[in-house]
1. Please turn the phi angles of the range 519-534 into ³J(HN,Hα) values with the Karplus equation 6.51 cos²θ - 1.76 cosθ + 1.60 (θ = phi - 60°), one per residue in order, whole Hz, x for glycine and proline.
2. Under 5 Å between amide hydrogens, which residues at least 5 positions from H364 or on another chain qualify, with H placed 1.01 Å from N in the peptide plane?
3. Once you place label points 7 Å from the Cα toward the Cβ at L313 and H235, how far apart are they in nm?
4. For the range 162-174, take each phi angle, set θ = phi - 60°, evaluate the Karplus expression 6.51 cos²θ - 1.76 cosθ + 1.60, and give the result in whole Hz per residue in order, putting x for glycine and proline.
5. What is the set of long-range amide H partners of T121 at a cut-off below 5 Å, with H atoms built 1.01 Å from backbone N?
6. Extension gain A383-R461, at 0.36 nm per residue separation less the Cα-Cα distance, in nm?
7. Under the definition of Cα pairs under 8 Å and six or more residues apart, what whole-number percent is the relative contact order of the range 85-184?
8. Would you calculate the separation in nanometres between label points at Y15 and R184, each defined as 7 Å from the Cα along the Cα-to-beta-carbon direction?
Amino acid sequence: MLSRCVVSQVKHNSYFLVGLALGLWLALATVPLEEESAECVAAAGAVVADEWEPVREQREMGAAGAAGRSVQRPRYYSTELGMRAGLLAGALTSEDALGGRAAALNRTAARLLPALRFFITASALRSAPAGANVVGFTDTREMLKPFHALKYLADNYLEEYDFFFLVTDTTFVNAQRLTELVSRLSVSQDVYMGTVAEDDTQYCSLESGILLSNSVLRAVHGALDWCVRNSYSPHHHENIGRCVLHAAHITCTSFLQGERYLSWRLTGEMEPQPALADAVTAHPVHAPEHLYQLHAYVSRVLLQRAQEQVSQLRVAAALSARRHPRGFRNASWPAGLRATPGLAAPPPATRFDHLRWTTFNATHALMPDDHRTAAPLTGATKAAIDLVLEESGAWARRRWASSRVRLLEGAWCWQPPHALRYRLLLHLQPDTQDGSGSGGGAVRQVEVARVLGGARLAPARYVTESARVRVLLALRARHVRDARALLRRLDACLRADRNAALLLLLVVASRNESVVFQPVRDAVRDLAAKHRGADLELMETELEEGESAEEGTAESEEEELAVAQRLALRVALPRLSQDQLVLLAVPHMDFNQDFLNRVRMNTIAGEQWFLPVAFARYAQFLHPRFVDAAGARPQQGTGRFNARHRHVVAFYRADYDAALELWRKTRSAEPSDAAAVLARGPLRVLRAPEPALLLAPRAAPCAADSAAAAAACLGRARDAGLQQLDLGARHALAKLLLETQAQLY
């Protein structure tokens, strides 16, 4: 029967089967021919590149690429990095307990917990206790209250907290112990932690508290429908435990990651014990006053433990007094330098609090600041290091019986709240029987600290930002372009503050040079017309014969500026009143309103004058040394704080006159600048970096034809804060660098 059916189908589909057979035969016959031809073509042509190999796309400089999509970044970096807070606690309570147990729980735990919420079932929410955050649910089914609370936490705070704690209002919460426990647990592991209920071995008791991690709550939130359908127990902890077991597949544990969760069960006749301070919770507590009593008792135990720890630290500090240097053996130091005696100092809170160690040897300090790689030890620093080496050497000779002590390497660190610390590597030569001291040696590391003396507070008068600032500016012919830019910046300041004045002194070397200052006169006239009532004064004076000769021998713009400022102090300053606040300015400075306000605040009549450290911008160098392989150069916004520049000074005229009179009594030579005069006076100086005061790059200070002259010219430019050389000086300097490879910058 089957054979007849097959034969019948073959007869009816004979043409189809013959065509299928011919097609398969032709396909199999042509495949080898195609493979051989492909191999021949590949062998004859170039090597075919791998389609998975990345190809670098190169574009010319300035070529516009495909427009990328704009990304809206969060406001806070913690949001973008997914950083969350530590703990959010929730308590299940009722409307009747809001004014009793809930209020007591809020007052005893809310100050120590990062966040605390109270969940109640209420049709109309009553007034909540002061400071409590109460959430009400309209669903009156008591069995579903924990799931409403979990859903509320997951919907609103799942992306903000790492751990969630759920407890009843009849439980005392040791908030300090709970916070400490959470800080020691890793959120990378699923956490379902608490005390196992007495009637079960898998679920955590809600009265003792349930601690859930973010991942567990996220899993529970996804399985809430199943949890609600399978909630049939009258006990909340069984319904929650069944839900966690189904969603996260974990059971309750009281010991995790080396931490133990301890909960006390209180009885009527049992009195509190000191071990209660180690428990996270204690239950049951039905009266509000019992919560306050437990909180007072636990706080007293923790305070006693802290006092005992302080006493132990004092004893350890007293025992370490014998290791102190001579003359500094006291019991209060150096325990304050470390969190625990004998252990390393704790890490700084932020990177800005990281203390810098400066390495030194017997003669030089290595990288003492951001501008020098090595500097000789001089002055007070040298005297302090010599004293430290003398004391540490004497102590090392007594302790290790050595004949000679030599410094190999050292480092110092300034800790403002504590002391100046030193770490020394000393090479010790041991004593021998013949007293020659020849033999081996040992290397010892010694840590020395110089305690701080009594803090001295410098009293200062209360000053306001209402003082009138008189900008005193002296100009030479080469400063015309810079002066016009400074007047534009002063125009912006006058729009916001009319309490600024200008006294402009034009220093003319000859009568023909007076025409050069005509653009400055026009700019001052336009500024006065724009700001009606502004105090803008323009003066003009000529150089005397002695000053002209001095100016003729000047080698740089820096010296010309110093001559002009000395002339301004002698000619223009007497025109001002004694109580006038003067800001001695330079033409190439850039400032704003904040700088003028700091001038008013930091300059105190009769007590203090202000010497800001300006930020000197680097120029676009043309020297090949300052160009990388891609052709990039330093930008105009790059530079450094130039501590050598002392031509921008703020003072009161009466203080300057008093300092000048004292200068003439003690010195016969004329002062070089205003800062030198004020430094001889009795007033203190406030010197600090000023980011709102910028110095523009200067022109070439001098020309040089030889390598030696270029090096000398570069030294003067570096001292004066000038960052450019002319073309001849650059070529000479390049030749010098190639010959000697000198590090001149």
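The values are calculated or read from the model by the stated rules, or taken from the named source; none is laboratory data. The model shown is predicted, which means the values in this text are computed figures rather than measured ones. Heads up, the Cβs are rebuilt from the backbone with ideal geometry, glycines too, and the neighbour counts pull from every protein chain shown. Side chains included, ligands, DNA and RNA excluded: accessible areas come from the protein's heavy atoms. Shrake-Rupley method; radii C 1.70, N 1.55, O 1.52, S 1.80 Å.
1. Values, residue by residue: x, 5, 4, 5, 5, 5, 5, 5, 5, 5, 6, 6, 10, 5, x, 6 Hz.
2. It is L377, by chain and number.
3. Calculated label separation equals 4.5 nm.
4. So the J values, rounded to whole Hz, are 8, 10, 10, 10, 10, 8, 8, 7, 9, 10, 7, 10, 7.
5. Result for T121 returns E95, F137.
6. Numbers: separation 78, 0.36 × 78 = 28.08 nm, distance 3.50 nm.
Once the chain is fully extended between A383 and R461, it gains 24.6 nm.
7. On the way: 146 pairs, mean separation 40.8, N = 100.
Once normalised by length, the contact order is 41 percent.
8. For the pair Y15/R184, the computed spacing is 8.9 nm.
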